[in-house]
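The values are calculated or read from the model by the stated rules, or taken from the named source; none is laboratory data. Keep in mind that this is a model prediction, so the values were computed, not measured. Positions of Cβ are backbone-derived with ideal geometry, glycine not excepted, and every protein chain shown enters the neighbour counts. For the accessible areas, the whole protein counts, side chains as well, though only heavy atoms, and no ligand, DNA or RNA atoms are used. Shrake-Rupley method; radii C 1.70, N 1.55, O 1.52, S 1.80 Å.
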Amino acid sequence: MAILLSASLSVNAQSSSDTAFKPQGTLWGYTFGDFAYKGNADNLNRGGSNQYTGMPINANTFQFRRVYLGYNYTISPHFSAELLLAAEDDFNTGSITQGTAGTSVGDVTAGGRFTPYLKYANVRWKELFKYSDLVIGQQATPGFAKTGRNDQTSEEVWGYRSIERTVSDIRRTPSYDLGASLQGWFDKDGKYGYMAMVGNGTGGAKPPTNSFRSFYGDLYAKFLDKRLIVDLYSDYTRLEWGQWVPGVAANTLSPNGLQYTAREMTKGFIAWNTNKLTVGLEAFENVFLGGLKVTGTDKNTYYRTFSATDVSFYVRGRILSAANGNPLLNFFVRYDNYNPSSGLSNATTNATAITTASGVSNYDPFTKEQFFTAGIDFLPNKNIHFMPNIWVNAYNSSLSATGVNPEGYAYTKYSSEVTANKGTDVVYRLTFYYIFNPKQGTTKY
């Protein structure tokens, strides 16, 4: 409160300098989508919520994957506002994109038409104290905030959200949320900075379903004229805390005790980022306290902890430049190795069945994944991209389909996804991406 009071007095003291200021706004947006052809399909429809899960082999489609329409308004030298409407992840259950096995419904009307939703709506108090801003409302979370104090997040450095999300975003770690954040620098040049936030943890556009809040933090440093970037991110969310678990007998409380489930991510990111060549490495560990729901040989229910890791390595760069020096032809290559099974083997002891607890749906512990993409980026204009590319996701079971635990229970009893079958989704795409009136402060796209 003392900081807020001091800052407000400072703003009032400077009000005389605001008289010559004229409020102004910027309308901006971009769109990307593809013509996609699925050359191979995993017959078990693994892959969770990605847009090609369940899409049948040899299917082809034109599809928007994101449409943004935003408005940024500078209210005064000390305050600005941001509003963003987004239509993305749009599909119907049973559509060709999601396949006949699809169970999710995206942002569509009852009639199946694309529907925009409110993604950002926030106000920024600039220089609340030296080199730091306060942002209140629906906003990008730490690690994803490409506006304000940090313009070189992992998504911004990867530079090809139009091709695929970053590793934590693929698993639906909230990239935006409704809450409050502090964003600041430790030096006047912005080489060292931070962002701390508390939010609902529901992805912003959805109302909260419990009283648990999510906590986010990010620290970054930029060296060698901001070409070398080092970033450390962490978040924490309680999922279930003290709920009784139904017992074996109907309509009784279980002797199994209370369910405690929480998620905690730690992520590191390092990159060498220049106009002509960028090399990046991003990795996370996500620990799920009580994330495995285990039925024991004693017929009681227990909760065991497991963790998921993902390592992403990518290279992107310029092949040709136009006469004016702008990029004309670029390339990109990326490989991810995802392993969600740490702690799974230990959970099989004294167990007859294992499923995931609530809140863990995007981290299937029974399936490992390897993701690969590569393509070229043709820019007839600096704001227009045509990108032929290949999108590949390979799946393999975390547990042996023929193995048994010490009590003699076959691993196949634990999950329908424990199988000896490997599978691969292969999609050939021509991705198009265009920007109109780029917003102020953007350095990519």
Practice item. Mind checking the full-extension length gain between Val230 and Asn326? Use 0.36 nm per residue of separation minus the Cα-Cα distance, one decimal, nm. Key: 31.9 nm
**Study point:** Over the chain: helical MRE at 222 nm, DSSP H runs n ≥ 4 each giving -39500 (n - 2.57), nearest 500
**Key:** -1500 deg cm²/dmol
Review point. Given a 1.4 Å probe, how much area per residue of the chain is accessible, in Å²?
Key: 46
Point to revise | Full-stretch length increase - Lys422, Arg172 - with 0.36 nm per residue and alpha-carbon distance subtracted | key: 87.6 nm
Check your understanding: What does the charge add up to near Asn396, with Lys and Arg as +1, Asp and Glu as -1, over the other residues with Cβ less than 9 Å from its Cβ?
Key -> +1
Practice item. Run down the lysines and flag those whose C-alpha is under 22 Å from the C-alpha of Lys293, throwing out any fewer than 8 positions away in its chain. Key: Lys368, Lys413
Check your understanding: So how exposed is Leu281, as accessible area in Å² (1.4 Å probe, rounded to 10)?
Key -> 80
Practice item. Using 0.36 nm per residue of separation minus the Cα-Cα distance, give me the extension gain between Tyr260 and Phe114 in nm, one decimal. Key: 48.8 nm
Check your understanding: In sequence order, what are the phi-derived ³J(HN,Hα) couplings for segment 22-37 according to the Karplus relation 6.51 cos²θ - 1.76 cosθ + 1.60 with θ = phi - 60°, rounded to whole Hz, with x for glycine and proline?
Key -> 10, x, 8, x, 10, 8, 9, x, 7, 9, 9, x, 8, 9, 10, 10
Review point. Hey, rough spin-label estimate for Tyr37 and Thr309, points 7 angstrom out along Cα→Cβ, what's it come to in nanometres?
Key: 3.9
Review point. If we count every other residue with Cβ under 13 angstrom of Leu320's Cβ, Lys/Arg +1 and Asp/Glu -1, where does the sum land?
Key: +1
**Study point:** Gaussian network model of the chain, Cα within-10 Å springs - most flexible of Phe372, Phe21, Phe223
**Key:** Phe21
Review point. Among (i) 23.6, 80; (ii) 20.9, 66; (iii) 22.0, 76, which one is Rg and Dmax of the Cα atoms in Å computed from these coordinates?
Key: (i)
Practice item. Would you mind checking the pairs Lys38/Lys276; Lys130/Lys191; Lys38/Lys422 and listing those with alpha carbons more than 22 angstrom apart? Key: Lys38/Lys276
Check your understanding: For segment 310-445, which semi-axes, largest first and in whole Å, follow from the square roots of 5 times the eigenvalues of its Cα gyration tensor?
Key -> 45, 15, 12
Check your understanding: Given Cα pairs under 8 Å that are at least 6 residues apart, what percent is the relative contact order of the chain?
Key -> 13
**Study point:** Cut-off 13 Å between beta-carbons: net charge of the residues surrounding Ser181, Lys and Arg +1, Asp and Glu -1
**Key:** -2
Point to revise | Area accessible to solvent at Asp133, 1.4 Å probe radius, in Å² | key: 10
Exercise for review: Keeping the other protein chains in place, figure out the carbon and sulfur percent of the accessible area of the chain, with a 1.4 Å probe.
Suggested key: 59
Point to revise | Exposure of Lys293 as accessible area (Å², to 10), given a probe of 1.4 Å and all protein chains | key: 80
**Study point:** Helix 2-13 axis, angle to the chain major axis (alpha carbon atoms, nearest 10°)
**Key:** 30
